[in-house]
Each structure stands twice: as structure tokens, then as C-alpha cells.
1. Pull up the stretch 157-169, narrow it to residues that are within 9 Å of ligand 1 (Cβ to nearest atom) and assigned to a loop (DSSP other than H, G, I, E, B), then point me to the one that is surrounded by the most Cβ atoms within 10 Å (Cβ to Cβ).
2. Look through T76, T92, T30 and report the one residue that is buried (at least 18 other Cβ atoms within 10 Å of the Cβ) and away from ligand 2 (no atom under 16 Å from the Cβ).
3. Which residues, counting only those in the stretch 30-45, are assigned to a strand (DSSP E or B) and touching a residue at least 24 places away in the same chain (Cβ under 8 Å)?
4. Going through the stretch 144-168 one residue at a time, which ones are at positive phi and within 14 Å of ligand 2 (Cβ to nearest atom)?
5. In the set I14, I54, which member is within 16 Å of ligand 2 (Cβ to nearest atom) and among the β-branched types (V, I, T)?
6. Since I67 meets every condition but one in (1) in contact with a strand residue (DSSP E or B) (Cβ under 6 Å, 6 or more places away or on another chain); (2) aliphatic (A, V, I, L, M); (3) away from ligand 2 (no atom under 16 Å from the Cβ), which condition does it not meet?
7. Out of everything in the stretch 163-198 that is of a type in the set (A, V, I, L, M) and in contact with a strand residue (DSSP E or B) (Cβ under 7 Å, 6 or more places away or on another chain), what residue ends up being modelled with the highest pLDDT?
8. Which of the residues spanning the stretch 191-241 are within 15 Å of the chain's Cα centre (by Cα) and either not assigned by TED's automatic domain parsing to the domain that holds D273 or not aliphatic (A, V, I, L, M) (or both)?
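The values are calculated or read from the model by the stated rules, or taken from the named source; none is laboratory data. Predicted, not measured: the structure shown is a model, and the values here were computed from it. Glycine also receives a Cβ, built like all others from the backbone with ideal geometry; neighbour counts cover every protein chain displayed.
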Amino acid sequence: MEKNYYIQPKDIQIDEIYKRGATGKIYAGTFKNQKVVIKIFERSCKEFRNEILILTHLQNKAHHENIVEMIGYHETSNGKQFLELSHSLESTNFIVLEFVSGGSLFDKYHQLRTKKQKISEEKITQYAKDIASGMKFIHELNIIHCDLKSWNLLITEDDRIQICDFGFAISNQKIEQNFDEQNTSLFGCWNPPESLNNFQQNQFTQKTDVFHYGLLLFEMVSLQQPNSFYSKLKKFYQSEKNQNNVLFDLVSNDAGSCNKEILQIMVQCFQKDPEKRPTFEDIVNKFN
Ligand SMILES: Nc1ncnc2c1ncn2[C@@H]1O[C@H](COP(=O)(O)OP(=O)(O)OP(=O)(O)O)[C@@H](O)[C@H]1O
Ligand SMILES: [Mg+2]
């Protein structure tokens with residue numbers, strides 16, 4: 001039987017603001033004695049509806065250990081801003097998620113950089129496997145995440161990864177709403193080569209997520225945001241010497257030393273032709 005995710009605002013206790021996201025604020029709180037985060041949507045209802053539909057669809061299929069767990073949500077037709085902790089939650093749109101205590105992968109990079117430390121090779125392999133496994137499940141359900149980046153990856157208490165933030169995700173199948181109306185145009189600054197000159201609708205494919213996964217591996221190895229590397233990649237795509245050995249040298253020079261398997265996966269994820277990039281199933285199989 002499908003679970004009912006509807007939550008009564010009176011069952012939520014909000015403690016403090018935890019993070020500020022682009023679509024709203026994330027509060028720490030409790031729901032029936034469980035520590036949770038409450039993601040309150042201040043503007044777009046579109047992203048709120050999208051996120052609850054996608055998470056419901058995923059969770060009705062199965063619970064996946066590498067995807068954040070939604071406990072429930074509250075929806076109102078006239079969703080208002082939530083400005084003060086003393087305000088009632090009754091007139092807001094919010095999602096309640098299990099609290100994932102280790103912060104985001106982005107936060108982790110920042111802490112390690114400050115301490116001049118790196119992520120060990122074993123840990124990189126574990127994180128890479130966790131993300132690929134969650135993404136394989138998402139793609140099997142014909143969903144494209146569309147915003148795969150280190151801010152949207154959470155670290156659990158036992159140091160494993162969970163994928164979050166499905167506000168921009170798209171589904172090839174109609175789940176309930178009319179997905180034609182979705183915002184499927186590309187945004188962000190690290191778009192794959194097939195989209196560089198084409199910002200039209202429906203440019204996202206599962207291979208876009210795979211390209212972004214390659215950038216995530218780059219970030220994990222180098223602990224740097226891929227801005228300057230991405231500029232070099234763009235030049236590589238435009239050059240005549242568009243060959244694999246050139247790409248291999250570019251990635252290994254810029255990322256720094258890492259396990260050969262991870263380096264090879266990065267090179268495959270950065271293939272100019274999206275068809276030549278692996279699927280997440282291929283990537284998961286490489287780790288087994
Ligand atoms: N379940 C959770 N447990 C702990 N922290 C969380 C959880 N969900 C989100 N966060 C934290 O809140 C931040 C923002 O969450 P999320 O990405 O879902 O919101 P957003 O408004 O869509 O953000 P943006 O658009 O800026 O990426 C995350 O980067 C993470 O640090
Ligand atoms: Mg986010």
C-alpha cells in the first residue's frame with residue numbers, strides 16, 4: 001500500500017534555522033521525537049510540488065540507502081513566507097526530511113581544505129560508489145536529477161552519502177502532474193558540451209547527470225571547484241585534438257593524483273559524445 005505522507009503542522013517543532021537554500025530555508029526540528037529538517041519553500045510552488053512528487057515516486061518504489069528519506073510534507077494553496085520562528089506553519093509549504101547529521105559534501109571539502117587535508121582514496125571510492133548507486137536507482141525510475149552537485153549530497157552519521165534536493169528533477173514518465181510544464185532548460189555554469197550552445201528546453205538527459213558526476217569526482221579528488229578545469233574542458237571540446245589521450249592528460253594534470261579506476265571513470269564521464277559516456281549501471285558494475 002502507498003504511504004500517506006501528509007503531515008500536520010502541529011506535530012512539528014521547529015528549533016532553529018539550519019541552512020539557507022535557493023528555494024527557501026532549512027530548519028532543524030523534531031517530528032514525533034525524531035530529529036528532522038523542515039524545508040520551507042518561500043517562493044516557487046513548482047519546485048515544492050516537483051520535489052514531493054519525485055520523492056514520493058522514489059519512496060513508493062523502495063527505500064534506497066543513498067537517497068535522503070522524506071518523512072512527509074504539508075501543502076497549502078496559498079503558501080506564505082515563513083519569517084519568524086513564532087509564526088504558524090499552517091500557511092506554508094514544507095517538506096520534512098530525516099536529519100542527516102554530517103553536513104553536505106561541499107561543507108566537507110571546505111573543512112578539509114582549511115585543514116590542508118585530502119579525502120583518502122578508499123573514501124573517494126566509497127563516496128563515488130554511493131552516489132552512483134543512488135543515481136542508478138533514480139535513472140531506473142526514468143528520473144533525471146538535473147542538479148547533481150556537492151551541495152546536494154549529504155553525509156550520514158556513518159560517513160555514507162545520500163542524494164538530496166529534487167526540486168529541479170524531471171521525470172520521463174508522467175507521475176501525476178503535467179511534467180511538460182517543468183523547467184527543463186539548462187541552468188548553472190557547468191553544462192555538458194552538447195548543451196553549450198543550446199539553452200533550449202528539454203536539453204537535460206541522463207547523460208547530463210553522468211557528466212556532472214564526473215565533475216563531482218574531480219571535486220572530490222582535487223578539493224577544488226571545477227571552474228578552471230571546466231574552462232579547459234570547453235577548449236578541449238572545441239579543439240581539433242579532441243582525443244582521449246589528450247583528455248586523459250588534462251584530467252590527470254588538473255585533478256591531481258588519484259586511483260586509476262576513478263581517473264578512468266572521470267575520462268569516460270567527460271566524453272564529448274553523450275552516448276559514449278557510461279550509464280550509472282556501468283559505473284556501479286565497475287566498482288563491484
Ligand atoms: N535532510 C537533510 N539533513 C541535513 N541537512 C540537509 C538536509 N537537506 C538539506 N540539508 C542542507 O540544506 C542545504 C540546502 O538543501 P536543499 O539543497 O534541499 O535546498 P535548496 O533550497 O534546493 O538549495 P539550493 O537550491 O541552494 O541547492 C543542503 O546543501 C544541506 O546542507
Ligand atoms: Mg540544493
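1. The extreme case among them is F166.
2. From the options T76, T92, T30, the qualifying one is T92.
3. F31, Q34, K35, V36, V37, I38, K39, I40, F41
4. C146, D165
5. Exactly one of I14, I54 is within 16 Å of ligand 2 (Cβ to nearest atom) and among the β-branched types (V, I, T), namely I54.
6. I67 satisfies every listed condition except (3).
7. Applying the filter and picking the extreme gives I163.
8. Passing the criteria: N191, F204, T205, Q206, K207, T208, D209, F211, H212, Y213, G214, E219.
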